[in-house]
Amino acid sequence: MSIQSIRSSDIEATVTPGPQSKDEAGAERVGRRASAWLAWTLWALYLIAVYFSTYLVWVNNPQAFVERIPGSLLSYALSGLLPITFGALIVSRHPENPLGLIFCLFGLSQITYLLAQQYTVYSLRTASGSLPGTTVAMSLATQWPTYLTVNLFASFVLLLFPTGRLPSPRWRPVAWLAGGLTVLYTAITALRPARLELGVDGLVAYNPLGIPGTEKLFGALDTIAGILYTFVVIAAVWSVVLRYRRAQDEERQQIKWFVYAAALFLPALVLSFAVGLLVPELRLASASSLLPILDFIVQASWLAAFSAVPLAVGIAILKYRLYDIDLIINRTLVYVPLTGIVAGLFAASIALFQRLAQALTGETSDTAIIISALILASLFTPIKNGLQAVVDKYFKENPQYNQATRCLWRASNCVRTNERPITTCSPVAR
């Protein structure tokens, strides 16, 4: 029976879970406890790595310490904090879902590179590379752990979200191809003879695992792998589309959270492109002092976009306020165009009134700003109401439908989690 055929005022769901032996229940509890310990141990290691990375950045270059804080240090630390935190939560609550472990490894790899880089700099400067673990740190400074987890993140998160399983067995070749390309990318990065990016002038180091004379071979393999991986990512994105078309009820809400977070990459990409076009103009206009500010804004936009993905995935899998996504999308569709319209009208009205003032008095006047503000204050509510009406016409949640969905989900959730023997959903008032 489809959920559309159920009258929301007549819902009465009663579910009794099946029998489960004490041995099975005990083994499940032990497995969950072990998974939680592993996840939060990785989270603690992440915080320790952040501390030592910060200390080494200060020891290696105290003068540039303040400059590095808003740069690489914050980027690597914050870009990994949300993934590893939500990954630990997912592993603790749903150890059967591999997405939690992928997020934990992704967060840990971000700070591992910075720690290895700074330890390499410290060892080469203070002990000519004779400190223990220098070779390991130099190999990690090639960023192969980052490439490993980023490729897992870009392909398997799309393929496995939100259930932790592929959409169907027919997607196994795509998963195997993604795994093989991930291993290939990691091997190329780990074994390619290349100079390490240490960020210190005058300090030169090379990959200790690099195989001499393989530059052309690895370059060709990198090109082939890049082309194949592009098709993998396209297929993974298509798998999300197919999941959404086939999904019902809570799974559709989960995918909405993911798509909403992924959409934040678009403004970050547009902002990066716009700043790239402005850089030559600013240099010609001797306004290079604005470049650090613009660079910080671009980094912040990308950081926000990357952070939104684990946040949305965590909310979707943990099912915390899952149905709020409809309201968030509704408000976004209203206030983003509203902001653009108001900003455009404000700029146009100021330009118009300034030209009128120059034509009448020969001088610019602050009166144009006041008049423009008054006009926009009077137009703000009508514009907002008009946009809200358009959005509500094409995108508006059905409260009774959502209540019916939530009641049925609570009832079926008892069988999966064995939390309560009986769940009764109260009727929805007409």
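The values are calculated or read from the model by the stated rules, or taken from the named source; none is laboratory data. Nothing here was measured: the structure is a model prediction, and the numbers come from that model. Please note: Cβ atoms are built from the backbone with ideal geometry, for glycine as well, and neighbour counts cover all protein chains shown. Just the protein is used for accessible areas: all its heavy atoms, side chains included, with ligands, DNA and RNA removed. Shrake-Rupley method; radii C 1.70, N 1.55, O 1.52, S 1.80 Å.
Below, the figures for the structure above:
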| item | result |
| --- | --- |
| Segments 115-128, 294-307 sorted - mean Cβ within 10 Å per residue, highest first | 115-128, 294-307 |
| Surface accessible to a 1.4 Å probe, residue 197 within the full protein complex, Å² | 130 Å² |
| From phi via Karplus (6.51, -1.76, 1.60), per-residue ³J(HN,Hα) for segment 183-200 in Hz, x at Gly/Pro | 5, 5, 4, 5, 5, 4, 5, 6, 10, 6, x, 9, 7, 6, 8, 9, x, 10 |
| Residue 328 versus residue 272: modelled label distance in nm, points set 7 Å from Cα along the beta carbon direction | 2.2 nm |
| Percent carbon-and-sulfur accessible area, segment 137-278, ignoring ligands, DNA and RNA, probe 1.4 Å | 70 percent |
| In order through segment 370-385: 3J(HN,Hα) via Karplus (6.51 cos²θ - 1.76 cosθ + 1.60), integer Hz, x for Gly, Pro | 5, 5, 4, 5, 5, 5, 5, 4, 7, 8, 4, 5, x, 5, 4, 5 |
| Accessible surface ranking that places the most exposed of 393, 319 first, with a 1.4 angstrom probe | 393, 319 |
| Probe 1.4 Å, all protein chains present, accessible-area order of 331, 29, largest first | 29, 331 |
| Accessible area of residue 28 in the full protein assembly, 1.4 Å probe (Å², nearest 10) | 80 Å² |
| Nitroxide proxy distance, nm - points 7 Å out along Cα→Cβ at residue 245 and residue 373 | 5.2 nm |
